[in-house]
1. Collect the residues in segment 70-92 that are in a loop (DSSP other than H, G, I, E, B) and at pLDDT 95 or above, keeping them in residue-number order.
2. Would you tally the residues in segment 10-49 being within 32 Å of the chain's Cα centre (by Cα) and part of a strand (DSSP E or B)?
3. All but one of (1) modelled with pLDDT under 95; (2) small (G, A, S); (3) touching a Gly at 6+ places or on another chain (Cβ under 9 Å) hold for S42; which doesn't?
4. If you check D55, D18, D83, D26, which single one turns out to be of a type in the set (D, E) and surrounded by 16 or more Cβ atoms within 10 Å (Cβ to Cβ)?
5. When residues of segment 42-88 are filtered for being in contact with a Leu (Cβ under 8 Å, 6 or more places away or on another chain), among the polar types (S, T, N, Q) and farther than 15 Å from G191 by Cβ, how many remain?
6. Can you tell me which residues in segment 10-41 are out of contact with any Phe, Trp or Tyr (no Cβ under 8 Å at 6 or more places or on another chain) and within 18 Å of N184 (Cβ to Cβ)?
7. Show me the helices (runs of 4 or more DSSP H) entirely contained within segment 93-208 in which 3 or more residues are surrounded by 22 or more Cβ atoms within 10 Å (Cβ to Cβ), modelled with pLDDT of 95 or more and in contact with a His (Cβ under 9 Å, 6 or more places away or on another chain).
Amino acid sequence: MAAEYMPLARVEIEKWQDGVGTLSFDNVAEEVPVALVYNSISHVVMLASPQNLQDFALGFSLSEGILQRADELLDCFVSPVTDGIHIDMRISDERFDALKEQRRNLTGRTGCGLCGAETLKQVTRQIRQVDSSALFSAEQIYAGFAQMKLQQELQRLTGATHAAGWLGADGKVEIVREDVGRHNSLDKLIGALVRAEHDLSAGAVLITSRASFEMVQKAANAGIGMLAAISAPTALAVRLAGQAQLTLLGFVRPRGHVVYTHPQRIRR
């Protein structure tokens, strides 16, 4: 019998403070195997938070280059099963033929963006150069992170999830997606933005994690021109952002930030 998954569980705990232990309960984030299946062929299993999975399916498919456009995803069904969740997708014949040529068979881990890549060329595939009209003041970015924090319900309840948020051209955080994996949260956000037909060239993505090269790669391939992270970027992420014409910010705090590439999108 298929299980119905919730994004968190209530567990009994023994909590200690100053040498005194008490029995209590705590919320913990669920981490569920999610199989992404294309035209009846299983492609990858990722560990993810079991929510916003249609967004995840579309965002992952676009950011990984499996699809080039949203309309190439013809059907998408999310089905809880005994050991996890199946996302069964039907994609166009052209894209399915291209997928078979890739011959990728991934086994995902939380926050792992490279699991299963078979060659170095798969890791550093050609990145898209963005053409973005995004322009924000530092104060809008700081305020955006504050707005996003208020919308991180799963993080507030469990303390265990990352988030990716969309800062619209008007300076408002319109969409937030959460997941136990930072890459998953970005895929979910990209999927939600594309489904809602947002102009991805006009805003910025805010993330509650470090900026790895794959976070930059996913953002650039979606046409997003600015990525702002609470933590640090890696050197490869900085090089990739420079090549992609993407504005990369790190160490964003309420009154400060570091610009690593293409500062022209930060209003002085």
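The values are calculated or read from the model by the stated rules, or taken from the named source; none is laboratory data. It should be emphasised that the depicted structure is a prediction, and the values quoted were computed from it without experimental measurement. Please note: Cβ atoms are built from the backbone with ideal geometry, for glycine as well, and neighbour counts cover all protein chains shown.
1. Scanning segment 70-92 gives a single hit, S92.
2. 24
3. (3)
4. Sole residue among the options that is of a type in the set (D, E) and surrounded by 16 or more Cβ atoms within 10 Å (Cβ to Cβ): D55.
5. 1
6. Hits for segment 10-41 are V28, A29, E31, P33, A35, V37.
7. Here the list reads 182-195.
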